Amino acid sequence: MRHCITKELVAIAVLVAALAVVPNAAQAQVDRSKPPVLGAPPALHIPPVVVRELSNGLKLMVVERHNLPVADFVLVIPSGATANPADRAGVADLVANMLTEGTTTRSALQIADQTAYLGISLYSSSGWDATTIRLSTPTAQIDSALALFADVALRPSFPSAEFARVKQERLTALLQLKDRGPAIASLVYPTILYGKDNPYGRSVVGTETSVGAMTAADLSAFYRSYFAPNGATLIAVGDVTPAEVERKVSALFGGWPRKAVPAVKVGAGLVAPVTTIYLIDKPGAAQSSFRIGSVGVARSTPDYFPIEVMNTALGGSFTSRLNQVLREDKGYTYGASSRFDMRKYGGLFTASAEIVSAKSDSALIDFMKQLRSIRDTIPETELSKTKRYLQLELPSAFETTGEIAMRLGDVALYGLPLDYYNHVVDQIGAVTQGEAQRVGTKYIDPDHLTVLIVGDRKSIEGPIKALNIGPVVFRDTNGNPIQ
């Protein structure tokens, strides 16, 4: 028996070796001296979105996908950090964190136990424009999961003991951020561009002062003011039907009373009269944190796709200009990028990198060169590569029911067409050289930029000033002017 097995193993080894040496016909036709040629980008087809509305104004968006017995639900409340009171920065984010920390019928431990028992995920988060509550569940547990989901969304109790713990965790995190150059830069940069009187100029996560003064009553007040069915959207994607979702959601959310929600307005940001460099001292820092840019555009801009293409060429991918120059060619950083943060109102345009301290002045020269050159015509080969990159990465954002549900959150929040994503590939492909140059010239002005650098002032101030790019002013780690 052992001899037979040995002979069989030898025969298999010989066969494997033969297959490795003799290529098949397909392998023989491959020209390995040239990189593979990309095919045409496939069209993206999202299943139809069925829209219903409950009598209290809660909108339902349902997409059926019956290939797996799972479903994802996302409740989108169109109120986030922009609704924070001026002296309570961070309250919307803490409300989101506290939703699963106790309701009028369940404690935090009971919520956690039931979540684990059902094999579901349930969590919430808040951004600038919205607060979202997400549920992912097997359809076998859908009734129990939705009941828990509704309890968390409709009956949070913001228990004092749990809030004290969450508050202390937030204060500790904020204290830790003050020792990190990148965190300081990201927190101060919007304050300079918008000012502290503008909601966009305040921190989403709050400050030590605002969080320190916060009480559980502040969270309850925010919830009562801004959580309402009218204006909200509940998205369901997965092994469900519209009729089933409407029936189940009506039973759980139908009694949620509609109410008037306070309007939120964000003013325009500040335009730098000349490019100005703001320097925050972090003694002994081995690297300098760069944030360069200006106030950008709202998500509703008709220039959305030309901006996406232009910015991807500038700093939106690994092979973008900023990363190629600052990382690959010069070795100043592990990564450099740029982005337009498009919100309900005009968000930030930011080019950023963490630069080795000794090369801060050289990096700033290269930043400015690239911000100027993107205003010129993008060569056709680069434009084509950039558009193909955006087109081919799109399907990966729709692989799961949860990803589809989150993407539909933007459709609900920003009033996009229901079939919006079915046309994205074509919209990207239609962007021309002229359009990319137009938006680069319109939205990136090298003569009116805000340049924020957090680094070792003693070593970088002199070389930065010697560049004569613009006046250099100084701020503390909270963004306040200093002499």
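The values are calculated or read from the model by the stated rules, or taken from the named source; none is laboratory data. Since this is a predicted model, take the numbers as computed values, not measurements. Positions of Cβ are backbone-derived with ideal geometry, glycine not excepted, and every protein chain shown enters the neighbour counts. Heads up: the accessible areas ignore ligands, DNA and RNA and are worked out on the full protein's heavy atoms, side chains in. Shrake-Rupley method; radii C 1.70, N 1.55, O 1.52, S 1.80 Å.
Numerical summary
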read-out: Per principal axis, descending, Cα span of the stretch 188-259 in whole Å; value: 49, 27, 20
read-out: Share antiparallel - DSSP beta bridges, the chain, percent rounded to 5; value: 75
read-out: Vicinal HN-Hα couplings computed from phi for the stretch 277-286 (Karplus, 6.51 cos²θ - 1.76 cosθ + 1.60; Hz; Gly/Pro x); value: 9, 9, 10, 10, 7, 10, x, x, 4, 7
read-out: Heavy-atom accessible area order for LYS385, LYS167, largest first, 1.4 Å probe; value: LYS385, LYS167
read-out: Taking the chain and dividing mean pair separation by its residue count, relative contact order in percent (alpha carbons under 8 Å, at least six apart); value: 21
read-out: Global geometry of the stretch 133-283, whether rounded, prolate or oblate, following the gyration tensor of its Cα atoms and the 1.5 cut on a/c; value: prolate
read-out: Cβ crowding within 10 Å averaged over residues, with 30-42, 76-88 ranked highest first; value: 76-88, 30-42
read-out: Accessible-area order (highest first, 1.4 angstrom probe) of the listed residues TYR332, TYR123, TYR200; value: TYR123, TYR332, TYR200
read-out: Cut-off under 5 Å, modelled amide H: who pairs with VAL70 long-range; value: THR139, ASP239
read-out: GLU64 - accessible surface, heavy atoms, 1.4 Å probe, Å² rounded to 10; value: 80
read-out: Anisotropy class of the stretch 335-483 from Cα gyration tensor, a/c 1.5 cut; value: prolate
read-out: MRE, 222 nm, helices only [DSSP H, n ≥ 4, -39500 (n - 2.57), over the chain, to nearest 500]; value: -12500 deg cm²/dmol
read-out: Unsatisfied cross-links (Cα-Cα over 19 Å) in the set LYS359/LYS465; LYS344/LYS385; LYS196/LYS369; LYS369/LYS458; LYS178/LYS330; LYS344/LYS369; value: LYS344/LYS385; LYS196/LYS369; LYS369/LYS458; LYS178/LYS330; LYS344/LYS369
read-out: Peptides ranked, highest mean first, by Cβ atoms within 10 Å: ranges 273-286, 359-372; value: 359-372, 273-286
read-out: Accessible area expressed per residue, the stretch 358-402, with surrounding protein chains retained (probe 1.4 Å, Å²); value: 47
read-out: Phi-based couplings in Hz for the stretch 57-72 (Karplus 6.51, -1.76, 1.60; Gly and Pro marked x); value: x, 5, 8, 10, 10, 10, 10, 8, 9, 9, 6, 9, x, 9, 8, 10
read-out: Exposure ranking of GLU435, GLU399 by accessible area [1.4 Å probe, largest first]; value: GLU399, GLU435
read-out: Gyration tensor verdict on the chain (Cα atoms; rounded if a/c is under 1.5, prolate if a/b is larger than b/c, oblate otherwise); value: oblate
read-out: Carbon + sulfur, % of accessible area of the chain - ligands and nucleic acids excluded, 1.4 Å; value: 56
read-out: Span-like helix ranges in the chain, DSSP H, alpha carbon extent 24 angstrom or more, Kyte mean at least 1.6; value: 2-21
